[in-house]
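Participant: The structure that follows is given in the form of structure tokens.
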Amino acid sequence: MDLKELEAIAFREHQQDDKIRIRCCIVGGCLSANGLAVKEQLVKTVQEADLGDEVAVSGVGCMGLCSKGPLVRLDPSGTLYDRVSSEDAPKIVASVSPRASSSQSLPPSQYQPDAHPFFTKQLRIVLENSGKIDPEKIAEYIAADGYRGLYKVLREMNPESVVEEISQSGLRGRGGAGYPTGLKWATVAKAQSDRKFIICNADEGDPGAFMDRSILESDPHRVLEGMMIAAYAVGASQGYIYVRGEYPLAINHLQTGIRQAKRLGLLGTGIFESSFDFKIDIRVGAGAFVCGEETALMASIEGKRGIPRPRPPYPAESGLWGCPTLINNVETFANIPTIIRRGAKWFSSIGTENSKGTKVFSLAGRVCNTGLIEVPMGTTLQQIVGEMGDNVPDGGKAKAVQTGGPSGGCIPAALFDTPVDYESLKELGSIMGSGGAIVMDESTNMVEVAQFFMEFCMDESCGKCIPCRAGTVQLYQLLTKIREGKAVLKDLEKLKQLCNMVQETSLCGLGQAAPNPVISTLRHFQDDYMGLLSQE
Amino acid sequence: MPITKENSNIHPSGDKRFQMLSATMKRHQYAPDALIEVLHQAQELFSYLEDDLLLYIAHSLKLPPSSVYGVATFYNFFSLKPKGVHTCVVCMGTACYVKGSTNLLTSLEQQYQLQAGKTTFDNQLSLLTARCLGACGIAPAVVVDGSIEGHQTAESVIHRVEESLHHGS
Ligand SMILES: Cc1cc2nc3c(=O)[nH]c(=O)nc-3n(C[C@H](O)[C@H](O)[C@H](O)COP(=O)(O)O)c2cc1C
Ligand code: FES
């Protein structure tokens with residue numbers, strides 16, 4: 001494979017461009033809502049009307065508005081149809097071509113994405129191809145400038161300058177903690193060892209978060225390319241993707257992607273006729289939240305119980321089988337190809353002072369528009385919840401938004417003018433986390449929410465360290481006592497102290513962050529707690 | 001029959017599934033670190049992990065049975081008990097919780113006189129819960145016999161389960 005061949009593949013794909021495109025989402029929420037049947041009906045209708053030379057139907061990844069699926073989009077007009085059923089297919093086809101028999105009534109409800117705030121407020125880097133390309137066709141990814149970044153690094157850059165470019169971009173890890181990606185790469189690159197590994201963390205354990213699932217289902221090659229570039233930069237020749245077992249379609253699309261990349265010589269030995277070799281294997285998780293934590297995840301890849309170990313040594317020094325290991329999140333890797341193609345300067349012009357680029361959020365809970373959005377860092381919660389999410393259904397009022405899952409916190413509606421970036425969210429007692437944003441309305445009691453998350457952490461604690469194993473149980477019992485109206489003021493003090501202890505003394509991030517939902521609700525929603533205290 | 005190198009992939013019971021499992025282990029060169037992959041395959045073939053099966057795996061990968069058992073019990077995905085003919089998994093993740101999944105679960109529990117995590121006496125239905133299915137955009141979500149259903153209500157989920165129980169799939 002060389003650049004000429006790559007461009008020939010892209011050229012062949014672009015010959016489809018003058019056709020009218022009907023794109024139907026066949027992943028995630030739309031798949032559950034029968035998207036595949038809709039797509040098949042569209043294909044059939046086009047065939048029967050013999051419109052194949054002017055209309056092309058394709059199955060694509062997530063368009064974002066998951067609550068309204070199945071979604072179908074027409075291009076070049078950009079018209080979007082929601083809640084499409086198989087019966088609607090003939091109407092949609094009729095609307096694009098005068099040649100189709102059109103005894104049909106109007107197609108179902110439609111939007112113009114360039115006028116709807118859910119779409120106009122977005123800036124899509126990671127999701128650039130989602131909803132546009134067929135995730136199972138490598139040619140479509142290549143036609144969308146895919147694998148150009150890999151070509152560029154292999155033929156025009158040395159590993160040091162790749163690391164430097166990523167450092168300059170200001171990209172920070174999207175898996176939760178926001179560690180500077182360039183710095184992590186530099187550490188692994190510097191480590192002396194003949195064996196190094198790359199791991200893509202696709203364990204996505206935070207309930208309410210589905211960004212990584214969607215990226216993998218909609219544009220798997222972007223993640224593979226990001227891993228390849230990283231491998232070249234740090235000098236690794238073996239990569240693993242650790243995916244949750246709950247995501248069969250993501251696993252399937254990754255397997256297809258790896259097979260196709262191998263066939264084109266983009267994975268394997270002598271990639272792009274250079275001396276770079278790289279191989280990627282998939283490891284399927286088995287349902288343990290703690291395995292998202294990097295040291296536990298590595299234990300799991302080694303076939304053991306997913307139990308974390310103290311750091312240092314960090315994986316960058318001693319990771320998988322004791323070798324230097326680079327571990328990044330799915331979304332982090334997905335940013336890489338575009339940064340390489342468009343440059344660090346371009347990337348760092350987006351976002352805020354200390355948080356560059358965009359963030360993908362999965363907007364869920366009590367809002368009208370739920371789904372996946374990608375916004376520049378620094379977008380306010382009000383814009384996300386109020387404008388893009390279109391507020392709470394049935395005229396309800398938002399009470400809080402929860403970010404960061406069981407390690408995060410709840411931000412009250414009064415503070416929705418906060419811009420989202422790593423630091424601002426932390427100041428409010430929450431974290432960016434992986435990107436789940438769950439809206440809660442006035443009917444939600446925050447003590448109940450805190451108890452819900454504590455139950456989660458209690459169940460998912462691996463049991464290795466006592467503060468986490470026993471502390472979460474005690475915290476859960478205290479919260480239950482409060483909810484049952486049996487607690488007194490002194491118990492709130494106890495609750496705070498215990499939170500502090502678990503935070504300070506736990507071994508890994510799970511325990512250290514487990515009290516966050518309690519602390520943040522105590523801080524912002526004290527009335528919910530006070531209202532439940534016993535009067536005695 | 002004693003297990004020797006030559007016939008180690010033929011299980012004394014003659015059950016063909018052991019051969020397939022053995023092929024998987026061979027593909028991983030019987031590496032102990034392939035244990036989780038092997039357990040996944042075993043559960044897919046046998047639907048749950050019996051003690052006998054775990055012993056067989058331990059023997060093949062040359063691992064102490066205690067560590068195979070330890071791994072199998074650590075991960076929620078592996079089930080050491082048989083499941084019912086039909087399964088209904090209710091997502092109890094945050095997004096579904098906020099949209100009333102507790103209500104779905106209680107209705108199902110009442111309807112089938114069944115606690116979450118248990119199987120009915122006639123072995124027809126297992127009621128399970130999940131952390132998050134990644135289908136939060138269509139919350140509350142359930143999985144009935146492997147297919148995800150979004151935007152559920154107490155009525156719709158019971159209707160869906162009834163369909164499964166009476167029409168086979
Ligand atoms: C309890 C716990 C769960 C975690 N879960 C995830 C996860 O699901 N996905 C993820 O990418 N990182 C998760 N992390 C963070 C990882 O340990 C690690 O920091 C991350 O994968 C690094 O990638 P990044 O630098 O690209 O963010 C988790 C951490 C902890 C403590
Ligand atoms: S919380 Fe139920 S699917 Fe994510």
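The values are calculated or read from the model by the stated rules, or taken from the named source; none is laboratory data. This is a predicted model, so every value here is computed, not measured. Methodologically, a virtual Cβ is constructed for each residue, glycine included, from the backbone with ideal geometry; neighbour enumeration extends over all protein chains shown. For the accessible areas, the whole protein counts, side chains as well, though only heavy atoms, and no ligand, DNA or RNA atoms are used. Shrake-Rupley method; radii C 1.70, N 1.55, O 1.52, S 1.80 Å.
Participant: Got a sec? Which of A:Phe361, A:Phe289 is within 14 Å of chain B (Cβ to nearest Cβ), open to solvent by 10 Å² or more (accessible area, probe 1.4 Å) and touching a Gly at 6+ places or on another chain (Cβ under 6 Å)?
Facilitator: A:Phe289
Participant: Output the residue which, of all residues in segment A:503-528 that are within 11 Å of A:Ser430 (Cα to Cα) and polar (S, T, N, Q), is farthest from ligand 1 (Cβ to nearest atom).
Facilitator: Ranking the qualifying residues of segment A:503-528, first place goes to A:Thr521.
Participant: For segment B:94-116, name all the residues that are closer than 13 Å to B:Val143 by Cα and not aliphatic (A, V, I, L, M).
Facilitator: Within segment B:94-116, B:Cys96, B:Ser101 qualify.
Participant: Which of the residues that make up segment B:49-76 are open to solvent by 50 Å² or more (accessible area, probe 1.4 Å), within 14 Å of another protein chain (Cβ to nearest Cβ) and either away from ligand 2 (no atom under 16 Å from the Cβ) or in contact with an Asp or Glu (Cβ under 6 Å, 6 or more places away or on another chain) (or both)?
Facilitator: B:Lys62, B:Pro64, B:Ser66, B:Tyr69, B:Thr73
Participant: On the basis of being in contact (Cβ under 8 Å) with a residue 12 or more places away in the chain and away from ligand 1 (no atom under 16 Å from the Cβ), does A:Ile271 make the cut?
Facilitator: Yes, satisfied.
Participant: Looking at A:Ser218, A:Ser161, which one is closer than 30 Å to B:Tyr97 by Cα and polar (S, T, N, Q)?
Facilitator: A:Ser218
Participant: Can you tell me which residue among A:Arg222, A:Arg172, A:Arg195 is open to solvent by 10 Å² or more (accessible area, probe 1.4 Å), within 21 Å of A:Leu154 (Cα to Cα), in contact with a Pro (Cβ under 9 Å, 6 or more places away or on another chain) and in the same structural domain as A:Pro312 (by TED's automatic domain parsing)?
Facilitator: A:Arg195
Participant: Still on this model: Could you identify the single residue in A:Ala186, A:Ala209 that is among the hydrophobic types (A, V, I, L, M, F, W, C), part of a loop (DSSP other than H, G, I, E, B) and within 16 Å of ligand 1 (Cβ to nearest atom)?
Facilitator: Only one candidate qualifies: A:Ala209.
Participant: Restricting to segment A:487-536, count the residues that are closer than 13 Å to A:Thr472 by Cβ, more than 16 Å from ligand 2 (Cβ to nearest atom) and touching a strand residue (DSSP E or B) at 6+ places or on another chain (Cβ under 7 Å).
Facilitator: Number of matching residues: 1.
Participant: If you don't mind, there's one more thing I want to ask. From the list A:Tyr247, A:Tyr179, A:Tyr242, A:Tyr232, pick out the single residue that is aromatic (Phe, Trp, Tyr), within 14 Å of another protein chain (Cβ to nearest Cβ) and within 29 Å of A:Glu317 (Cβ to Cβ).
Facilitator: Matching residue, one of A:Tyr247, A:Tyr179, A:Tyr242, A:Tyr232: A:Tyr242.
Participant: Let me ask something else about it. So, of the residues in segment B:132-155 that are out of contact with any helix residue (DSSP H, G or I) (no Cβ under 7 Å at 6 or more places or on another chain) and open to solvent by 40 Å² or more (accessible area, probe 1.4 Å), which turns out to be nearest to the other protein chains (Cβ to nearest Cβ)?
Facilitator: B:Ser147
Participant: Among the residues in segment A:233-242, are any touching a residue at least 24 places away in the same chain (Cβ under 8 Å), within 26 Å of A:Ser58 (Cβ to Cβ), part of a strand (DSSP E or B) and not assigned by TED's automatic domain parsing to the domain that holds A:Gly59?
Facilitator: Yes.
Participant: Pull up segment A:461-477, narrow it to residues that are in a helix (DSSP H, G or I) and either at pLDDT below 95 or open to solvent by less than 20 Å² (accessible area, probe 1.4 Å) (or both), then point me to the one that is nearest to A:Asp528 (Cα to Cα).
Facilitator: Step by step, filter segment A:461-477, then rank; the result is A:Leu475.
Participant: Would you tally the residues in segment B:139-148 being closer than 18 Å to A:Pro207 by Cβ and more than 8 Å from ligand 2 (Cβ to nearest atom)?
Facilitator: So the count comes out to 3.
Participant: Now for a different question. Residues of segment A:36-80 being within 14 Å of chain B (Cβ to nearest Cβ) and open to solvent by 40 Å² or more (accessible area, probe 1.4 Å), which ones?
Facilitator: Correct list: A:Leu36 only.
Participant: Residue by residue through segment A:336-372, note down the ones that are in contact (Cβ under 8 Å) with a residue 24 or more places away in the chain, out of contact with any strand residue (DSSP E or B) (no Cβ under 8 Å at 6 or more places or on another chain) and not in a loop (DSSP other than H, G, I, E, B).
Facilitator: Once the filter is applied, which keeps residues that are in contact (Cβ under 8 Å) with a residue 24 or more places away in the chain, out of contact with any strand residue (DSSP E or B) (no Cβ under 8 Å at 6 or more places or on another chain) and not in a loop (DSSP other than H, G, I, E, B), segment A:336-372 yields A:Ile336, A:Pro337, A:Thr338, A:Ile339, A:Ile340, A:Arg341, A:Ala344, A:Lys345.
Participant: Out of everything in segment A:315-330 that is within 10 Å of ligand 1 (Cβ to nearest atom) and more than 14 Å from chain B (Cβ to nearest Cβ), what residue ends up being surrounded by the fewest Cβ atoms within 10 Å (Cβ to Cβ)?
Facilitator: A:Pro315
Participant: What about B:Gln124, is it surrounded by 13 or more Cβ atoms within 10 Å (Cβ to Cβ) and not aliphatic (A, V, I, L, M)?
Facilitator: yes
Participant: Enumerate the pairs (first residue in segment B:125-137 and under 16 Å from B:Lys81 (Cβ atoms); second residue anywhere and part of a strand (DSSP E or B) and within 7 Å of ligand 2 (Cβ to nearest atom)) with beta-carbon separation below 8 Å, excluding pairs fewer than 6 apart on the same chain, so at least 6 apart or on different chains.
Facilitator: The qualifying pairs are B:Thr129/B:Cys91.
Participant: Can you tell me which of A:Cys468, A:Cys457, A:Cys508 is within 14 Å of chain B (Cβ to nearest Cβ) and within 30 Å of B:Ala72 (Cβ to Cβ)?
Facilitator: A:Cys457
Participant: Please go through segment B:87-111 and pick out each residue that is surrounded by fewer than 20 Cβ atoms within 10 Å (Cβ to Cβ) and more than 13 Å from chain A (Cβ to nearest Cβ).
Facilitator: B:Thr87, B:Thr106, B:Ser107, B:Glu109, B:Gln110, B:Gln111
Participant: Further, regarding this structure: Can you name the condition, by its number, that A:Glu7 falls short on among (1) closer than 28 Å to A:Gly69 by Cα; (2) of a type outside the set (A, V, I, L, M); (3) part of a helix (DSSP H, G or I)?
Facilitator: Every condition holds for A:Glu7 apart from (1).
Participant: Restricting to segment A:504-536, name every residue that is among the polar types (S, T, N, Q), open to solvent by 60 Å² or more (accessible area, probe 1.4 Å) and in a helix (DSSP H, G or I).
Facilitator: A:Thr505, A:Gln512, A:Gln526 - these are the residues of segment A:504-536 that are among the polar types (S, T, N, Q), open to solvent by 60 Å² or more (accessible area, probe 1.4 Å) and in a helix (DSSP H, G or I).
Participant: Could you grab me the full set of residues in segment A:430-460 that are at pLDDT below 95, more than 16 Å from ligand 2 (Cβ to nearest atom) and surrounded by 24 or more Cβ atoms within 10 Å (Cβ to Cβ)?
Facilitator: Scanning segment A:430-460 gives A:Ser430, A:Met432.
Participant: Now, a different point. Only one of (1) more than 14 Å from ligand 1 (Cβ to nearest atom); (2) open to solvent by less than 20 Å² (accessible area, probe 1.4 Å) is not met by A:Leu123, so which one is it?
Facilitator: Going through the list (1) more than 14 Å from ligand 1 (Cβ to nearest atom); (2) open to solvent by less than 20 Å² (accessible area, probe 1.4 Å), A:Leu123 breaks only (2).
Participant: Identify, from the list B:Thr106, B:Thr153, B:Thr129, the residue that is within 29 Å of A:Pro406 (Cβ to Cβ) and within 12 Å of ligand 2 (Cβ to nearest atom).
Facilitator: Of the residues listed, the single one that is within 29 Å of A:Pro406 (Cβ to Cβ) and within 12 Å of ligand 2 (Cβ to nearest atom) is B:Thr129.
Participant: Can you tell me which residues in segment A:377-417 are of a type in the set (S, T, N, Q) and outside any strand (DSSP E or B)?
Facilitator: A:Thr379, A:Gln382, A:Gln383, A:Asn391, A:Ser407
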